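Novice: I have a structure here, written as structure tokens, and I will follow up with some questions on it.
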Amino acid sequence: MRVGALSDCGSMKKAFLLILKFAITIGLLWMIFREHRFTSVILPHMARMLEHWHWVAAGLASVGISTWLSALRWQVLLIGQDHPVPGAEVLRVTMVSNFFNITSLGAAGGDAYRVVALMRRPGARRLPILVSVLLDHLVGLVGLAALFFACTAVFWDRWESYGPQVRALVEAFSIFMAGSLVFVTLSAISFTPRLYAWGEQKWPWMLGWPPLKQFAQACDGLRRAWRCSLLASALSVLIFLTHFLSFYFGILAVGGEAALIDLLAAMPIVDAAAGLPISVSGLGVREKTFETLMHALSGLPEATAVSASLAGWLMNVAWGLLGGLIFLRGGRRPSEPQIAET
């Protein structure tokens, strides 16, 4: 009875969070569309995408390149874990995971699919796959930080001209990015065999636990396979660059104009805000943040900025839906291979 009650409680909590996310998303979009007159202003902007179809095509191509680079980065990290997987399979799984990223209400939907999909392969080992996904996010932070700080340095001479809201956003995100770099560095150091052995002597009851030791050894691949880590970090810069370009092409597709460097400085903050688990697929949060930053940094009209954000999001959704088609056509494997535990 107690197990059933706990299960019901968990289901009610998930349902409440789901309803809350939908409520926040609908509320934000309603306020944005009401402020900028959805039918008379935003829809005509979106209709220009048909006229400027070449910019839409460029945006779709940009998302496609970003997806391919993401698969390549993950493949490099799998090699660093001594668990190579063919590039075609990694690309397929990455594309399908994008579908789960846009349709699942949790941020880990795509990651969960990536792990499950690769574990179905013959001879798959659970730990290297799990760690490769973790390291994929860590090196992604390194690439995002490099791109963000490089772009913000360009407009630093205009810093005083921005309002307090924009400066607060940029300062907070700068602190977050600097902290992320420190975290990645400490993680790479903490899992080194010598330091871990020292910690195990101090706290054998915790660090001596075999599964934790195996996990630490796998994570040490970030340092041990440093060439793979450096390549993955460089790919991260290109991944975010091409992903952000889709929103730049979104601006052009709806008839707007903005400096590319301003968009590249704004998009890391926009992406981070959209990734917060408070709305469905980042809708509403992304548009408001994009509107605020692009209007301040580049003078882009606010209604145009909202339209451009929706256009960029739709370009990414299109590739996610393609991943969904691949998933539906893939079906089940004819046999379930044996899976190694480590």
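Novice: Pick out, from segment 129-241, the helices (runs of 4 or more DSSP H) lying fully within it that include 1 or more residues that are buried (at least 20 other Cβ atoms within 10 Å of the Cβ) and in contact with a helix residue (DSSP H, G or I) (Cβ under 9 Å, 6 or more places away or on another chain).
Specialist: 164-190, 210-219, 221-224
Novice: Going through Ile32, Ile24 one at a time, which residue ends up being assigned to a helix (DSSP H, G or I), out of contact with any His (no Cβ under 6 Å at 6 or more places or on another chain) and under 15 Å from Glu302 (Cβ atoms)?
Specialist: Ile32
Novice: Let me ask another. Farther than 16 Å from Gly282 by Cβ and either of a type in the set (S, T, N, Q) or without any contact (Cβ under 8 Å) to a residue 24 or more places away in the chain (or both): does that describe Ala23?
Specialist: Spelling it out, it is not the case that Ala23 is farther than 16 Å from Gly282 by Cβ and either of a type in the set (S, T, N, Q) or without any contact (Cβ under 8 Å) to a residue 24 or more places away in the chain (or both).
Novice: With the checklist (1) closer than 26 Å to Arg48 by Cβ; (2) under 14 Å from the mean Cα position of the chain (by Cα); (3) not β-branched (Val, Ile, Thr) in hand, flag the one item Gly255 doesn't pass.
Specialist: Unmet condition: (2).
Novice: How many residues are hydroxyl-bearing (Ser, Thr, Tyr), more than 12 Å from Met267 (Cα to Cα) and modelled with pLDDT of 90 or more when one looks only at segment 279-297?
Specialist: The qualifying residues number 0.
Novice: If you don't mind, another one. Looking at this structure, is Leu238 at pLDDT 90 or above and over 24 Å from Ala273 (Cα atoms)?
Specialist: When the stated conditions are applied, Leu238 does not pass them.
Novice: Filter segment 178-215 for residues that are aromatic (Phe, Trp, Tyr) and touching an Asp or Glu at 6+ places or on another chain (Cβ under 6 Å) and give the result.
Specialist: Phe191
Novice: Modelled with pLDDT of 90 or more and not polar (S, T, N, Q): is that true of Leu260 in this structure?
Specialist: Criteria met by Leu260.
Novice: Name the residue that is farthest from the chain's Cα centre (by Cα), counting only residues in segment 299-336 that are surrounded by fewer than 21 Cβ atoms within 10 Å (Cβ to Cβ) and small (Gly, Ala, Ser).
Specialist: Ser335
Novice: Could you grab me the full set of residues in segment 142-172 that are aliphatic (A, V, I, L, M) and either free of Cβ contacts under 8 Å to residues at least 24 places away in the same chain or at positive phi (or both)?
Specialist: Ala150, Ala153, Ala168, Ala172
Novice: Report the residue count in segment 113-124 for those that are touching a residue at least 60 places away in the same chain (Cβ under 8 Å) and buried (at least 19 other Cβ atoms within 10 Å of the Cβ).
Specialist: 0
Novice: If Phe244 satisfies every condition in (1) part of a helix (DSSP H, G or I); (2) touching a Ser or Thr at 6+ places or on another chain (Cβ under 7 Å); (3) under 30 Å from Ala61 (Cβ atoms) but one, which is the exception?
Specialist: (2)
Novice: It is to be established whether one or more residues within segment 184-200 are charged (D, E, K, R) and closer than 30 Å to Ala265 by Cβ.
Specialist: No, that holds for no residue.
Novice: Go through segment 113-128 and report how many residues are basic (Lys, Arg), out of contact with any strand residue (DSSP E or B) (no Cβ under 8 Å at 6 or more places or on another chain) and in a helix (DSSP H, G or I).
Specialist: 1
The values are calculated or read from the model by the stated rules, or taken from the named source; none is laboratory data. This structure is a prediction, so every number in the text was calculated from the model and none was measured. Note that we place each Cβ from the backbone using ideal geometry, even for glycine, and neighbour counts take in every protein chain shown.
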